[in-house]
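Chemist: Please find one structure pasted underneath; my questions will follow.
The values are calculated or read from the model by the stated rules, or taken from the named source; none is laboratory data. Everything numeric here is computed off the predicted structure, so don't read it as measured data. When we count neighbours, we look across all protein chains shown, and the Cβ atoms used for this are built from the backbone with ideal geometry, even at glycine. SASA here: full protein model, heavy atoms, side chains in, ligands and nucleic acids out. Shrake-Rupley method; radii C 1.70, N 1.55, O 1.52, S 1.80 Å.
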Amino acid sequence: MPQRTHTVVDSPVGPLTLVATDGVLSGLYMTGQRHRPADETFGSPAVPGATPFGEAVRFLDAYFAGERPHYGLPLHMAGTPFQQRVWAALRDIPYGETLSYGELAGVLGRPTASRAVGMANGRNPIGIIVPCHRVIGAGGSLTGYGGGLDRKRHLLALEGALPGPDSDPVPGTDSAAPGPAPAHTVLF
């Protein structure tokens with residue numbers, strides 16, 4: 001039987017629960033996240049510096065400091081073969097860039113599967129690190145983020161993928177998206 005452990009760390013988007021299966025990061029969940037497993041499935045508590053949580057915390061600290069973490073973390077992502085393909089494609093979306101669900105479906109060679117891509121995207125068990133927030137609706141609309149649209153907006157603004165209130169609109173939209181939330185605001 002797999003051994004699961006977890007820890008909770010603070011972040012600019014609220015508490016994040018990190019989960020490991022047999023010592024490999026297998027989950028990153030936000031408070032109130034859609035499709036978040038029940039807390040009792042996360043296993044025993046561990047300290048944030050324990051393996052693999054120390055690596056994940058360093059990655060998240062760099063990310064939220066506005067850096068572009070360029071190193072990969074070992075991940076254990078349980079899902080269907082199609083979900084695995086979608087999640088692998090998410091990791092290929094560059095920092096600060098976005099793709100629509102339809103574009104991601106095209107990348108996967110399934111141009112008519114945008115709805116299935118959206119469903120797999122919503123089941124991503126390792127948010128932020130596997131950047132499902134970089135997938136947007138057609139025309140640049142912010143839709144479908146299990147952690148909530150305020151968090152998605154915050155993450156995309158942090159990466160520079162959303163304009164601030166005084167800059168040009170997101171390509172393909174008619175108006176500028178709201179700017180980033182103040183750094184001290186915790187979004188739930």
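Chemist: Counting only C-alpha contacts under 8 Å and six or more residues apart, can you give the relative contact order of the chain as a whole percent?
Modeler: It comes to 20 percent, rounded to a whole number.
Chemist: Quick one: which residues, 5+ away or cross-chain, put their amide H under 5 Å from the amide H of residue 14? H built at 1.01 Å from N.
Modeler: Correct list: 187.
Chemist: With θ set to phi - 60°, apply the Karplus curve 6.51 cos²θ - 1.76 cosθ + 1.60 along the stretch 132-149 and write out the HN-Hα couplings as whole Hz, x wherever there is a Gly or Pro.
Modeler: Along the stretch 132-149, the couplings run 5, 5, 7, 9, 10, x, 4, x, x, 6, 8, 9, x, 9, x, x, x, 5 Hz.
Chemist: Leaving out ligands, DNA and RNA, what percent of the accessible area of the chain is carbon and sulfur, probe 1.4 Å?
Modeler: After summing per-atom areas, the C and S share lands at 55 percent.
Chemist: List every residue whose amide H lies under 5 Å from the amide H of residue 136, counting only residues 5 or more places away in sequence or on a different chain, with H placed 1.01 Å from N in the peptide plane.
Modeler: Residues meeting the criterion, in which the H sits 1.01 Å from N, are 99, 100, 101.
Chemist: In 10 Å bins starting at zero, report the fraction of Cα pairs in the stretch 1-103 per bin as a rounded %.
Modeler: 13, 42, 38, 7
Chemist: Provide the gained length on full extension for the span residue 95 to residue 67, in nm with one decimal, where the gain is 0.36 nm per separating residue minus the Cα-Cα distance.
Modeler: Full extension from residue 95 to residue 67 adds 9.1 nm.
Chemist: Can you give me the long-range amide H partners of residue 26? Hydrogens built in the peptide plane at 1.01 Å from N, cutoff under 5 Å, separation of 5 or more residues or another chain.
Modeler: Close amide H contacts, sequence-distant or interchain: 19, 20, 21, 76.
Chemist: Counting only heavy atoms of the protein chains, get the accessible area per residue of the chain (1.4 Å probe) and round it to a whole Å² value.
Modeler: 50 Å²
Chemist: Read phi for every residue in the stretch 86-98 and hand back ³J(HN,Hα) as whole Hz from Karplus 6.51 cos²θ - 1.76 cosθ + 1.60, θ = phi - 60°, with x for Gly and Pro.
Modeler: The phi angles translate into 5, 5, 5, 5, 4, 5, 8, 6, x, 3, x, 10, 10 Hz.
Chemist: Scaled to the compact-protein estimate 2.2 N^0.38 Å, what is the alpha-carbon radius of gyration of the chain, rounded to two decimal places?
Modeler: 1.01
Chemist: Mind ordering 59-68, 112-121, 34-43, 127-136 by average Cβ neighbours within 10 Å, highest first?
Modeler: In decreasing order of mean packing, 59-68, 112-121, 34-43, 127-136 become 127-136, 112-121, 59-68, 34-43.
Chemist: Do the sum for the chain: with -39,500 (n - 2.57) for every DSSP H run of n ≥ 4, divided by all residues, what is the mean residue ellipticity at 222 nm, to the nearest 500 deg cm²/dmol?
Modeler: -7500 deg cm²/dmol
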